[in-house]
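To keep things clear, I will list the structure first and then write my remarks on it.
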């Protein structure tokens, strides 16, 4: 998928927050994130949201209903809350303890343009979806 440069910059500048005050950025390794993945019993995880499909703002109520549907769809996957924030733009999501391929299927279902893949010992990586 080819994103406009401003959207790609926005993804890279977004601060992703996990419980316990863990803050992540694309391309910057975090030992705290490694510990969170270990606590979830996985070497790999994916940050995914259902908010604002295709990067277009939606009303908060609509986003919350989509987030509830995502949580229901991922109910058999170990997860914790994960938020993304850049300026006034904020999205609620989940850190799913699963293989990225499984998360990609969910991301497509919820019309997301990308996911953030976390692997223990590596920096968070943006994966854009076609």
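The values are calculated or read from the model by the stated rules, or taken from the named source; none is laboratory data. These figures come from a predicted structure and were not determined experimentally. Ideal geometry is used to build each Cβ from the backbone, glycine not excepted, and the neighbour counts take in all protein chains shown.
A compact table of results
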item: Residue tally, condition part of a strand (DSSP E or B), in contact (Cβ under 8 Å) with a residue 40 or more places away in the chain, in contact with a strand residue (DSSP E or B) (Cβ under 9 Å, 6 or more places away or on another chain) and over 12 Å from residue 44 (Cα atoms), over segment 74-106; result: 11
item: Pairs, first at positive phi and touching a residue at least 24 places away in the same chain (Cβ under 8 Å) in segment 16-37, second assigned to a strand (DSSP E or B) and surrounded by 12 or more Cβ atoms within 10 Å (Cβ to Cβ), C-beta under 9 Å, six or more apart; result: 27/125; 27/126
item: Selection from segment 26-56 of residues that are touching a helix residue (DSSP H, G or I) at 6+ places or on another chain (Cβ under 9 Å) and surrounded by fewer than 20 Cβ atoms within 10 Å (Cβ to Cβ); result: 26, 27, 30, 43, 44, 52, 53, 55
item: Leading residue by the ranking (modelled with the highest pLDDT) among those in segment 1-14 that are surrounded by 14 or more Cβ atoms within 10 Å (Cβ to Cβ) and closer than 15 Å to residue 123 by Cβ; result: 14
item: Per-region count, segment 19-53, residues in contact with a strand residue (DSSP E or B) (Cβ under 6 Å, 6 or more places away or on another chain), over 18 Å from residue 114 (Cα atoms) and in a strand (DSSP E or B); result: 1
